[in-house]
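Bear in mind that the values in this text are calculations on the coordinates, not laboratory data. As the structure is a prediction and not an experimental result, all values here were calculated from the model. Note that each Cβ is placed from the backbone with ideal geometry, even for glycine, and that neighbours are counted across all protein chains shown.
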Amino acid sequence: MEIKKDIRAFTKDQIKEHFVAIGDKAFRGQQVHEWLWKKGVVDFDDMTNLSLEIRNHLKANFAINHVRVDEMQKSSDGTIKNAVQLHDGKIVESVLIPTEKRITACVSSQVGCSLDCHFCATAQLKRMRNLNPDEIYDQVVAIKNEAEEYYQRPLTNIVFMGMGEPLMNYKNVLEAIDKITSDEGLGMSPKRITVSTVGLAKMIKKMADDEVKFNLAVSLHSARDSVRDSIMPINLKNPLNQLLESLEYWYIKTKKRVTYEYVVWKDINDKKEDIDALVKFCKRVPSKVNLIEYNPIDDGQFQQADPVVLQNYIKALTANGIVAKVRISRGKDIDAACGQLANKNELSIS
Ligand code: SAH
């Protein structure tokens, strides 16, 4: 059987050209594009302003390789986790996080992850592939629809803090963001989008050169190479001085403050020299710090530091004019919190 081409892989112009080529109007292509991207339909039969003949033509010649929410779990705190099945059967996870003022979608950029951060559950899956732009976009649309259905509220923010390293799938992440922010897609402001990275210096510079308009978060966790090397192997190839230099470059080019994500663990980064190093690091580039609660992953070698240490971090940072907050985790009971995305239903990955 011939495999039908995914119509969503075509640009609007290409779809228009297709219609012109079969003797129809370019405008028909415009209508189809709107159904696909603005209205997010997943079935040609739902394109109700097209004639039956056109719909049958589309069905005979194209597929819509949309993602499907395979399983939805709701946490006692209102967080929703979607296990999203891709057209090839692989699964990624995305999370809806409701707060009083915002509804945030946390989306994945890769199936699995290759970075091997020792404290992260996603690292225990090997990276299997990059997501396509539309697979990223679809996760956002699924959450937008859930926000409207379950909370009667619009989606307000998007964070690329799900599975995978967005800057290792840069081109597709950028394309997805283009669609999310375009009027032909969701028309969301890039100011409401944050891309989180382990801190790949070369790619941060590239983003700065590309003058991207979204926000940058860096998963720092330590401002000392010896410590960071031991928990995040990427630091061996991409040490803190290179990271910092790229962040300075980012700030000069974009004038955007960087957010550092930071977990404090007992006996790992809970000493005075850890705090001092972070303060020094933060002074170099305008930034703010989110101290995130540790979400234990199954093997349990990491433990959340004493609350007093967190307060010491906050005191030292604020005394130096750096905004710092403690972030309480959401969705822990359904393994939807930071670093817990790992497909407990992994067997369904073929
Ligand atoms: N690869 C990107 C995107 C993943 S974001 C990045 O590293 O930024 C996921 C965030 O959760 C990162 O800040 C990561 O360091 C953090 N994280 C991973 N495991 C965690 C855990 N067990 N508890 C709390 N945060 C964790």
Exercise for the section: Place a label point 7 angstrom from the Cα of ILE252 along the Cα-to-Cβ direction, then list the residues of segment 197-226 whose backbone nitrogen is under 14 Å away. Expected result: 205-206, 208-209
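Compare the peptides 273-280, 218-225, 159-166 by average per-residue count of other Cβ atoms within 10 angstrom and give them in order, highest first.
Working: 273-280: 17.9, 218-225: 22.0, 159-166: 25.9.
Result, highest mean first: 159-166, 218-225, 273-280.
Using only helices, what value at 222 nm comes out for the chain when you add -39,500 (n - 2.57) per DSSP H run of length 4 or more and divide by the total residues, to the nearest 500 deg cm²/dmol? Show your work: numbers first, answer last.
Numbers: 11 runs with 120 residues, N = 350.
Using -39500 (n - 2.57) per qualifying helix, the result is -10500 deg cm²/dmol.
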Fill in the blank from the handout: Taking the alpha-carbon centre of each part, the distance from segment 30-46 to segment 74-116 in Å is 24
Completion exercise
Note: LYS74 to GLU53 extended length (0.36 nm per residue) minus current alpha-carbon separation gives 3.4 nm
Completion exercise
With a ≥ b ≥ c from the Cα gyration tensor eigenvalues, square-rooted, and the rule rounded for a/c under 1.5, otherwise prolate when a/b > b/c and oblate otherwise, segment 5-63 is rounded
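What FRET efficiency comes out for the pair HIS87/LYS283, r = Cβ-Cβ distance, R0 = 51 Å, nearest 0.05? It would help to have the intermediate numbers written out before the result.
On the way: r = 47 Å, r/R0 = 0.93.
Efficiency, rounded to the nearest 0.05: 0.60.
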Practice task
Give me the aspartates and glutamates in straight-line cross-link reach of LYS256: C-alpha distance below 14 Å, same-chain residues under 8 apart excluded.
Solution key: ASP209, ASP210, GLU211, GLU248
Fill in the blank from the handout: For LYS81, the lysines lying under 22 Å Cα to Cα, once residues fewer than eight places off in the same chain are dropped, come out as LYS90, LYS101, LYS126, LYS144, LYS332, LYS344
Completion exercise
Of the candidates PRO307, TYR251, VAL289, the farthest towards the positive dipole end of segment 245-309 (Lys/Arg Cβ +1, Asp/Glu Cβ -1, centred on the Cα centre) is TYR251
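Given contacts defined as C-alpha pairs under 8 Å and at least six residues apart, what's the relative contact order of segment 68-349, whole-number percent?
On the way: 555 pairs, mean separation 53.4, N = 282.
Contact order relative to length: 19 percent.
Only four residue types carry charge here, +1 at the Cβ of Lys and Arg and -1 at the Cβ of Asp and Glu. Report the dipole size of the chain about the Cα centre in Debye, rounded to the nearest 20. Please report the intermediate quantities before stating the final value.
Numbers: 50 positive and 48 negative charges, 234 e Å.
So the magnitude is around 1120 debye.
Would you work out the relative contact order for segment 5-63, in percent, from Cα pairs under 8 angstrom that are 6 or more residues apart? Intermediate values should be presented prior to the final figure.
Values: 41 pairs, mean separation 19.7, N = 59.
Relative contact order comes out at 33 percent.
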Practice task
For the chain, give the share of DSSP beta bridges that are antiparallel, in percent and rounded to the nearest 5; count only bridges with both residues there.
Solution key: 45
Exercise for the section: From zero up to wherever the largest Cα-Cα distance of the chain sits, split into 20 Å bins and tell me the percent of pairs in each. Expected result: 29, 54, 15, 1
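Using Cα pairs closer than 8 Å and at least 6 residues apart in sequence, work out the relative contact order for segment 203-267, in percent. Present the calculation step by step, with values, prior to reporting the outcome.
Values: 56 pairs, mean separation 34.1, N = 65.
Relative contact order for segment 203-267 comes out at 52 percent.
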